[in-house]
There are 2 protein chains.
Amino acid sequence: MKRAIFFSLITWCVESVAIAKVRLPPKAVTMREILAASNPEDWRPLDPNRTLYLELSSGRVVIELAPEQAPNHVANIEALTREKYFDGLAILRAQDNYVVQWGDPKADDKAKRRPIVRAKPMLKAEFVRPSSGMPFTPLDDRDTYAPEVGFSNGFPAARDAKSNQAWLTHCYGMVGAGRDEDADSGGGTELYVVIGHAPRHLDRNVTLVGRVVSGIELLSTMPRGGGAMGFYEQEKDRLPILSVKVAADLPENERSHLELMRTDTPTFAKLIESRRNRKESWYKVQAGHIEICNVPLPVRVKAQLAPKP
Amino acid sequence: MKRAIFFSLITWCVESVAIAKVRLPPKAVTMREILAASNPEDWRPLDPNRTLYLELSSGRVVIELAPEQAPNHVANIEALTREKYFDGLAILRAQDNYVVQWGDPKADDKAKRRPIVRAKPMLKAEFVRPSSGMPFTPLDDRDTYAPEVGFSNGFPAARDAKSNQAWLTHCYGMVGAGRDEDADSGGGTELYVVIGHAPRHLDRNVTLVGRVVSGIELLSTMPRGGGAMGFYEQEKDRLPILSVKVAADLPENERSHLELMRTDTPTFAKLIESRRNRKESWYKVQAGHIEICNVPLPVRVKAQLAPKP
């Protein structure tokens with residue numbers, strides 16, 4: 001009996017230590033403290049094979065693609081990128097509190113529009129995917145739009161157990177594939193980024209393909225277009241796209257070396273809690289809740305490159 | 001008996017016609033159609049006594065103040081405005097997906113800061129007010145942060161029956177009075193505008209004093225500040241404030257003549273429904289819900305000024 005208790009105690013101690021190892025110091029209660037106390041395991045490098053660089057005269061916008069959610073769109077956008085489809089096209093639209101969108105200004109002119117060589121001009125919609133088999137860390141807060149929200153591979157997402165459907169949510173910075181009236185008229189030739197309050201009514205109506213992880217301010221500060229829906233009416237108002245590149249196609253020294261906080265760890269859960277109930281003394285009332293699009297998804301510059309083998 | 005039925009029918013007809021007069025045509029199902037079919041009674045003129053003009057070199061930002069929610073702050077901001085406190089001060093901060101803020105760059109320097117003559121430098125917080133006695137049109141959708149949300153005098157708001165408290169919600173375009181650590185350290189000398197996803201964790205932590213009804217794009221496109229929390233680090237980066245004026249203090253021909261859609265009418269209820277379940281054929285899935293900060297609060301230029309007496 002004593003021996004059993006002894007072994008239980010050992011087991012408990014070992015488990016406690018194991019937990020303690022991944023636990024943050026108890027003093028880390030604000031986001032700043034949690035980030036400072038985070039472990040290398042709390043972060044993942046941005047995979048260059050699923051990363052786009054949108055190069056503008058004002059700088060680089062870095063986009064992480066979401067092949068788990070929209071495999072065909074992501075493959076097609078990479079194909080378009082690799083045949084330089086986007087190079088020399090332009091930002092076409094900036095609508096306040098909504099989206100910035102880019103593509104071919106002459107897309108509607110069959111004679112003048114940019115030809116597509118190997119990629120596809122249109123694809124079947126990938127608005128939703130089966131929720132079964134999709135990694136999902138639920139957020140314990142009610143959502144106005146979806147039965148359940150949470151995070152999947154670092155992206156804000158929603159799922160519906162009844163229909164076995166899951167989808168990404170239109171939070172600030174999310175990137176989607178514009179389409180015409182037909183659900184299957186997208187494909188990635190026109191892409192938009194959310195630059196305002198999350199337009200969640202677009203969820204399941206457009207294929208979301210990724211999110212901006214760096215440089216969104218280059219898009220969110222664009223002068224708003226004077227035409228309907230924020231389209232620029234004059235060619236001179238459109239900001240040209242210098243190029244779009246897949247990060248893996250650039251030499252290492254030209255890449256942006258970023259790390260993203262994992263969204264399936266105890267540290268991330270603690271970070272969510274630190275934002276749900278703010279402990280900074282400035283706050284007089286704790287919200288007690290957090291909305292999916294208010295959860296920060298931290299990005300940092302990789303402190304030190306791993307030494308090469 | 002027949003007579004009674006006859007009179008009932010008359011009453012029914014009269015009532016039907018009366019209802020029909022304020023009802024929109026049944027075909028008006030999209031926001032565009034509802035706006036086009038709206039009646040003059042669906043709109044209210046912007047009251048010049050509760051309107052501020054923030055004049056920048058890029059144009060005019062029009063702010064409707066909310067004296068029903070923050071009477072002391074609104075009175076103090078008008079007093080500050082009338083003693084030209086803000087004229088020549090600057091936009092101090094632009095933080096992406098958060099706020100733009102203005103005030104005195106030298107506020108922390110007792111010797112150099114702008115003197116306040118008649119207004120007050122600080123005021124007791126007006127984070128909440130009693131919900132009893134406050135007009136409130138509830139929104140029938142669940143909210144992540146508050147037990148109940150809706151609209152009060154044209155502003156997005158929340159209330160809690162249990163505590164008898166009501167407050168404005170931090171939606172895009174809302175204007176608040178910045179403060180230091182102490183809850184009672186605000187007062188209106190520094191004002192901020194929400195330019196990103198609604199930071200609802202600020203609800204009940206700051207006194208909201210109004211909302212931008214025109215010109216928000218002049219603020220939302222400001223280059224983001226390079227310092228902590230988006231503060232501009234260099235004087236040259238700060239956009240000067242030409243002046244702030246109470247609309248009533250300007251001659252009529254220098255005022256912005258705007259009308260706001262009332263939020264307590266059947267037309268506004270219909271508008272909400274048109275956004276909860278979008279009938280435009282582009283939409284393939286109806287959201288079925290709408291979040292308080294996604295409800296549009298339409299503003300229009302007054303079509304025709306009433307003839308002067």
Cross-link table A:K270/A:K302; A:K84/B:K284; A:K245/B:K236, entries beyond 27 Å C-alpha to C-alpha: A:K84/B:K284; A:K245/B:K236
Return the long-range amide H neighbours of A:T207 (sequence gap of 5 or more, or a different chain), with a cut-off of under 5 Å between placed amide H atoms. A:E126, A:A177
Hey, for a label at B:L250 modelled as a point 7 Å past Cα toward Cβ, could you say which residues of the stretch B:66-103 have their backbone N under 14 Å away? none
The set of residues whose placed amide H lies less than 5 Å from the amide H of B:V213, leaving out same-chain residues fewer than 5 positions away, is B:V62, B:I63, B:E64
State, as an integer percentage, the relative contact order of chain B based on alpha-carbon contacts under 8 Å between residues 6 or more apart. 26 percent
Calculated from backbone phi, Karplus (6.51, -1.76, 1.60) coupling profile of the stretch A:238-254 in Hz, x at Gly/Pro: 7, 7, x, 8, 5, 6, 10, 10, 7, 3, 5, 7, 9, x, 3, 6, 9
So which residue, out of B:N39, B:N253, B:N205, gets the largest mean-square fluctuation from a GNM of chain B using Cα contacts under 10 Å as springs? B:N253
Mean residue ellipticity at 222 nm from the helices of chain A, using -39,500 (n - 2.57) per DSSP H segment of n ≥ 4 over the full residue count, to the nearest 500 deg cm²/dmol? -5500 deg cm²/dmol
Percent of alpha carbon pairs in the protein assembly as shown separated by more than 42 Å? 29 percent
If each residue of separation counts as 0.36 nm, what is the full-extension length gain between B:K279 and B:E41 once their alpha-carbon separation is subtracted? 83.2 nm
P(r), alpha carbons of the stretch A:48-259 - 10 Å bins starting at zero, rounded %: 8, 35, 38, 16, 3, 0
Report, as an integer, the average count of C-beta atoms from other chains found within 10 Å of each Cβ along B:283-292. 6
Using the Cα gyration tensor of the stretch B:233-309, with a ≥ b ≥ c the square roots of its eigenvalues, what is the shape: rounded (a/c below 1.5), prolate (a/b larger than b/c) or oblate (neither)? oblate
Phi-based couplings in Hz for the stretch B:269-283 (Karplus 6.51, -1.76, 1.60; Gly and Pro marked x): 4, 5, 4, 4, 4, 5, 9, 6, 10, 6, 9, 4, 5, 4, 6
Check B:T144: other-chain or 5+ apart residues with amide H under 5 Å from its amide H, H built from backbone geometry? A:T144
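Rule-based calculations on the coordinates, nothing more; no lab input. Being a predicted model, the structure only gives us computed values, none of them experimental. Backbone-built Cβ (ideal geometry, glycine too); neighbour counts: all protein chains shown.
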